[in-house]
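Each remark here refers to the structure printed beneath this line.
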Amino acid sequence: MMDELRAMLVEHGQEHVLGFWDELTPTERDALAEEIRQIDFPLLAVLHAGEHTAMSLKALANRAGPPPAFRLAAPQKNPFSVDEAKQRAAEALRAGQVGVILVAGGQGSRLGFEHPKGMYPIGPVSGNSLFQIHLEKILAASRRYGAAVPLCLMTSPATHDETIAFLDQHDRFGLPESDVTVFCQGTMPAVDAASGKLLLAEPGHLALSPDGHGGTLAALVRSGSLDALVERGIRYLFYLQVDNPLVDICGLEFLGYHLLSRSEMSTQVVAKQSPSDRVGNIVAVDGRLHVIEYSDADKEEAVKELLERRGPDGELEIWAGSIAVHVMDVAFLDRMAHTADALPFHLAKKKVSHLDRQGNLIDPSEPNAIKFERFIFDLLPEAQNAIVVEVDPARHFAPLKNAPGSAQDSPEAVQAQLIAEHTSWLRTAGVEIAEGVPVEISPLFALWADDLPAKIPPGTRVTEARFFC
Ligand code: UTP
């Protein structure tokens, strides 16, 4: 086994990863050999050489314009009314055709929380976790429409075991076992940026990281989840990422526009405030939607110019920022799963700790390695009739990214947004809330604002922190 492995590594100039082989136990050797066998070496070489790019950034930027969209400011221009959309979405939910895919495989490195991010106690009054908030929304939608809304939850090796244990410990927050599938995404090795050499995280382990949220597609197929969804008659999947507790899961308007437009993939956006907002930019090129990342402005002058361009009214021309909330047809995902290279890899230069040849752990202070990730939004150009729907960021977008005390996307900022949103729901329903008093609403109490009036006795006053549940 050793000879065969060494020969393969020598062929690709990577035999240094066996540098500590003699010190490993038989079990550790098996584990390392397995990690090595999983690697597609020719692909890795092509990726490191930068030959595997989709349309070049420059070509994309030169042809990109703003996408057609369902805008907040001009609902009269939408091809469908809000009521039509809600009705159509309710039909699909009632028919049991809608499922949810929640991706929670990220390493959450910026947050600095020692468990999977989904376990973070974000509820401003309840202290409930991100997982609980998301799963209770799904349960509430399924109760309301009298049909199962199956959840596919994607983890990674970094988050898998703890996520499963957490969900078991809490009985999946009320969701039936048959409606929750947890599956693990794939990994990609990190390589030294200069040489393309694999890095060792430990004597018996490569430095591996999750293959990006675009890894969802391959993982859905590999785990058998996609086939299981088809078998259950699920036709539409609502996609969200674990870090945003404000996502309106199965929100009727968005789902309804997707269905009425016969879109294969729809995406929610917010209007950007500045060219450098840290979101993906949704653009249209030849009638197809594409995403240009904010970080691409540093790589290509044409992208920078595009993102800074303003119309006669002073508004940003490329205004639509992705918040990573999508609806996708299951049939579309199935087609893409059988399309070679549907999702390209993106390269990111990151700090990756690793062993040097002597076995010392190197903790770099500057980015030293390349990580390879796929992004789910790269499916957009392939989708027929793809649509863009604008939402209000104050009400829909509160991503938890950074550690407590950070200037933005901190737990405090997310909690303040949750409190503001729930305060507004309650005040609209006639509740008097003393200034500065935090309130929170469980999705099982009210999934949407219009659930509240029936539940709140007239004259309700709140003078101290309260969790409506
Ligand atoms: P981010 O790229 O913001 O990563 O992922 P992160 O893990 O939340 O945080 P950092 O960058 O390490 O600080 C956005 C969303 O995509 C998921 C994450 O779990 C998060 O919900 N994701 C990301 C995956 O599921 N898999 C990945 O490989 C990457």
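The values are calculated or read from the model by the stated rules, or taken from the named source; none is laboratory data. Worth saying up front: this structure is predicted, and the values here are computed from it rather than measured. Positions of Cβ are backbone-derived with ideal geometry, glycine not excepted, and every protein chain shown enters the neighbour counts.
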| task | Please find, within region 319-332, the residue that is surrounded by the fewest Cβ atoms within 10 Å (Cβ to Cβ) out of those that are away from the ligand (no atom under 16 Å from the Cβ) and not charged (D, E, K, R). | result | 331
| What is the one condition in (1) under 24 Å from residue 419 (Cα atoms); (2) under 17 Å from the mean Cα position of the chain (by Cα); (3) without any contact (Cβ under 8 Å) to a residue 40 or more places away in the chain that residue 134 does not satisfy? | (3)
| query | When only residues in region 436-450 that are small (Gly, Ala, Ser) and touching a residue at least 12 places away in the same chain (Cβ under 8 Å) count, which is surrounded by the fewest Cβ atoms within 10 Å (Cβ to Cβ)? | reply | 449
| remark: When every residue in region 71-91 that is part of a loop (DSSP other than H, G, I, E, B) and not hydroxyl-bearing (Ser, Thr, Tyr) is compared, the one surrounded by the most Cβ atoms within 10 Å (Cβ to Cβ) is 78
| task | Within region 374-390, track down each residue that is part of a strand (DSSP E or B) and more than 16 Å from the ligand (Cβ to nearest atom). | result | 387, 388, 389, 390
| message | Can you find a residue that is under 24 Å from residue 226 (Cα atoms), more than 16 Å from the ligand (Cβ to nearest atom) and modelled with pLDDT of 95 or more anywhere in region 100-114? | response | no
| request: Being free of Cβ contacts under 8 Å to residues at least 40 places away in the same chain, buried (at least 21 other Cβ atoms within 10 Å of the Cβ), away from the ligand (no atom under 12 Å from the Cβ) and not charged (D, E, K, R) narrows it down to one of 195, 129, so name that one. | output: 129
| field | Odd one out for residue 86 among (1) farther than 15 Å from residue 248 by Cα; (2) touching an Asp or Glu at 6+ places or on another chain (Cβ under 8 Å) | value | (1)
| query | Scanning region 212-241 for residues that are within 14 Å of the ligand (Cβ to nearest atom) and part of a strand (DSSP E or B), which turns out farthest from residue 328 (Cα to Cα)? | reply | 241
| remark: For residue 209, the lone unmet condition from (1) away from the ligand (no atom under 14 Å from the Cβ); (2) touching a residue at least 60 places away in the same chain (Cβ under 8 Å) is (1)
| said: When you scan region 391-414, do you find a residue that is within 29 Å of residue 110 (Cβ to Cβ) and in a strand (DSSP E or B), even just one? | reply: no
| message | Quick check on residue 367: is it within 16 Å of the ligand (Cβ to nearest atom), surrounded by fewer than 20 Cβ atoms within 10 Å (Cβ to Cβ) and under 18 Å from residue 283 (Cβ atoms)? | response | no
| field | Among the residues listed as 428, 460, the single one being surrounded by 15 or more Cβ atoms within 10 Å (Cβ to Cβ), touching a residue at least 24 places away in the same chain (Cβ under 8 Å) and within 27 Å of residue 143 (Cα to Cα) | value | 460
| Among the residues of region 92-104 satisfying the criterion of being buried (at least 17 other Cβ atoms within 10 Å of the Cβ) and touching a Gly at 6+ places or on another chain (Cβ under 7 Å), which is farthest from residue 250 (Cα to Cα)? | 104
| message | Among the residues of region 281-291, are any among the charged types (D, E, K, R) and either within 16 Å of the ligand (Cβ to nearest atom) or touching a strand residue (DSSP E or B) at 6+ places or on another chain (Cβ under 8 Å) (or both)? | response | no
| message | Please pick out the residue among 159, 155 that is β-branched (Val, Ile, Thr), within 13 Å of the chain's Cα centre (by Cα) and under 23 Å from residue 373 (Cα atoms). | response | 155
| request: Filter the strands (runs of 3 or more DSSP E) completely within region 108-195 down to those with at least 3 residues that are closer than 30 Å to residue 408 by Cβ. | output: 151-155
| query | Quick one: what pairs do we get from region 290-317, first residue surrounded by fewer than 20 Cβ atoms within 10 Å (Cβ to Cβ), second assigned to a loop (DSSP other than H, G, I, E, B) and among the aliphatic types (A, V, I, L, M), C-beta under 8 Å, 6+ apart or different chains? | reply | 294/279; 309/318
| field | Residue selected from region 198-211 under the condition in contact with a Pro (Cβ under 9 Å, 6 or more places away or on another chain) and assigned to a strand (DSSP E or B), by the criterion surrounded by the most Cβ atoms within 10 Å (Cβ to Cβ) | value | 198
| task | Starting from region 97-117, take each residue that is closer than 16 Å to residue 215 by Cα and list its partners that are near the ligand (Cβ under 8 Å from one of its atoms) and of a type in the set (Lys, Arg), counting only C-beta distances under 8 angstrom and pairs at least six apart or across chains. | result | 104/117; 106/117
| task | Count, please, the residues in region 43-70 that happen to be under 25 Å from the mean Cα position of the chain (by Cα), closer than 20 Å to residue 306 by Cβ and either at pLDDT 90 or above or surrounded by 18 or more Cβ atoms within 10 Å (Cβ to Cβ) (or both). | result | 9
